[in-house]
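The values are calculated or read from the model by the stated rules, or taken from the named source; none is laboratory data. Just so it is clear, the structure is predicted and the values come from calculations on it, not from any experiment. Here the Cβ is made from the backbone with ideal geometry for all residues, glycine too, and neighbour counts use every protein chain on show. When the accessible area is computed, the model is the full protein with side chains, heavy atoms only, and any ligands, DNA or RNA have been set aside. Shrake-Rupley method; radii C 1.70, N 1.55, O 1.52, S 1.80 Å.
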Amino acid sequence: MILRPYERTIFKRYLLPQRGEGFIFVAAAFSFTAVMLGVAALVIVMSVMNGVRSDLFDKIVGLNGHAVVQGFGGRIDDWQDVLKQAKATPGIVSATPLIEQPLLGTFSGRVEGILVRGMTVPDIRKNETLNGKVLQGDLATLTPGSGNVAIGSELARNLGATVGSNLTIINPAGRSTPFGTVPREISYRISAIFEIGVYDFDKAYVVMPMEDAQLLLLTGDQVQMIEVKTTDPDKVGEILRPLAEKVASKAVVSDWRSMNASLFEALSIERVAMFVILSLIILVASFNIISSLIMLVRAKTRDMAILRTMGAPRDSVMRIFMAIGLSIGLAGTIAGMIVGFSLLYFRQSVLRGVEFLTGQPLWDPSIRFLTELPSKPDPFEITAIVIMVIVFSFLATLYPAYKAANTDPVQVLRYE
């Protein structure tokens, strides 16, 4: 908003507290603080929720693929042909045969439920979710027949196992004998411990070569599913439609949206709800701006009357008070951005500090899925927040500025 030189002078004077106007200044300070806190809360909450969704998507979809081709009865006999068809489908960038089976793992008398994941050695070594997440050991040691496996960090912690320990995996569906079915037990050496960052994965996954998993489960040359990744996760249904038609007689195709629908839908609803709720803080701050400007107008009624008698037009008076309200909104927005991004940058330290003071765990990985508090600011959302604050601040100035502009000099100065 462009102000004339005399308007800028009046604008600067009214922004600074004058003698006897401390209450007006306090009201303006509360308006500034409310805008700052509202902007900071919106920036922090929306960035954290975006980070949670992004991290969950990257790690869950990164390990499980954008979709799976799962055979009827949990088995795909001619999986090599299905694998070729998947790789030949336009839009599919990779296809990975898998065996995934919940079993029991035991070490030093401790028993934990595990999820055995059999993958080909090349797929293990080029998996982006596993690579770079190894805390101890080396994934290169996972070769067919070596007896080596990699396990999640939470599973290792629960079992008390380390690299070099021997993990015994129990398959209840073992061999049949005259006395019944004898569970199959095979001991494997833990050669790597990884931490994906998703608690449910880190507490259960045991990764081993495909051939070892087939031997453990007595499946022969079969796989349970083929995971695929596409060029565009949002168009996975369109991309996989031709493949689904080809394998309809022996397998079903499920994409990430159907497999994790409840989780991501809940996150989306919560994200919208939090944005609306926290926007109410900005709305309350706008009412504070209105109240502080109304008090300022009442305190400056005589000044406005004199200004009008000196020839100042009504739009000039309106601009002065609109500029004051907008300056409060803009200053609060800038301060809120600084506070919000500062807290996001030091979020882990702040979280640990609050946990220390309260004595309560605020980010339990077993509940939150992720081991760390994530953050991913969205430039479009930040821009939307700034625009919303400016619009609310502008609307809050209209009524006080209109009342100031319509001051009747005759009525105000009659008895002066």
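Using the Cα gyration tensor of the stretch 40-183, with a ≥ b ≥ c the square roots of its eigenvalues, what is the shape: rounded (a/c below 1.5), prolate (a/b larger than b/c) or oblate (neither)? It would help to have the intermediate numbers written out before the result.
Numbers: a/c = 1.87, a/b = 1.22, b/c = 1.53.
Because a/c hits 1.5 or more and a/b fails to exceed b/c, the stretch 40-183 counts as oblate.
In µm²/s, what is D for the chain at 20 °C and 1.002 mPa s, where D = kT/(6 pi eta Rh) by Stokes-Einstein and Rh is the Kirkwood radius from Cα pairs?
My calculation gives 81 µm²/s for D.
Where the eigenvalues come from the Cα gyration tensor of the stretch 122-176, what are the semi-axes √(5λ) of the equivalent ellipsoid, largest first, in whole Å?
Each semi-axis is the square root of five times an eigenvalue, giving 22, 16, 11 Å.
Sort 394-404, 230-240 for me by packing, meaning the mean count of neighbouring Cβ atoms within 10 Å per residue, highest on top.
Descending mean neighbour count gives 394-404, 230-240.
Please name which of SER31, ALA41, LEU343 has its Cα lying farthest along the dipole of the chain towards the positive end, using unit charges on Cβ (Lys, Arg +1; Asp, Glu -1) and the Cα centre as origin.
Comparing the listed Cα positions along the dipole, SER31 ranks first.
Please tell me which of these pairs span more than 18 angstrom C-alpha to C-alpha: LYS133/LYS376; LYS87/LYS246; LYS84/LYS229?
LYS133/LYS376
Can you send over the solvent-accessible area of PHE194, 1.4 Å probe, protein chains only, in Å² to the nearest 10?
Ignoring ligands and nucleic acids, PHE194 comes out at about 0 Å².
Can you compute the helix-only [θ] at 222 nm over the chain? Use -39500 (n - 2.57) per DSSP H run of at least 4 residues, normalise by all residues, nearest 500 deg cm²/dmol. Present the calculation step by step, with values, prior to reporting the outcome.
On the way: 16 runs with 224 residues, N = 416.
Dividing the helical sum by the residues of the chain leaves -17500 deg cm²/dmol.
What is the packing order of peptides 216-224, 132-140, 308-316, taking the mean over residues of other C-beta atoms within 10 Å and listing the highest first?
The packing order, highest mean first, is 216-224, 132-140, 308-316.
What does the charge dipole of the chain about its Cα centre add up to, to the nearest 20 debye, if the Cβ of each Lys and Arg holds +1 and the Cβ of each Asp and Glu holds -1?
Values: 39 positive and 37 negative charges, 372 e Å.
It works out to roughly 1780 debye.
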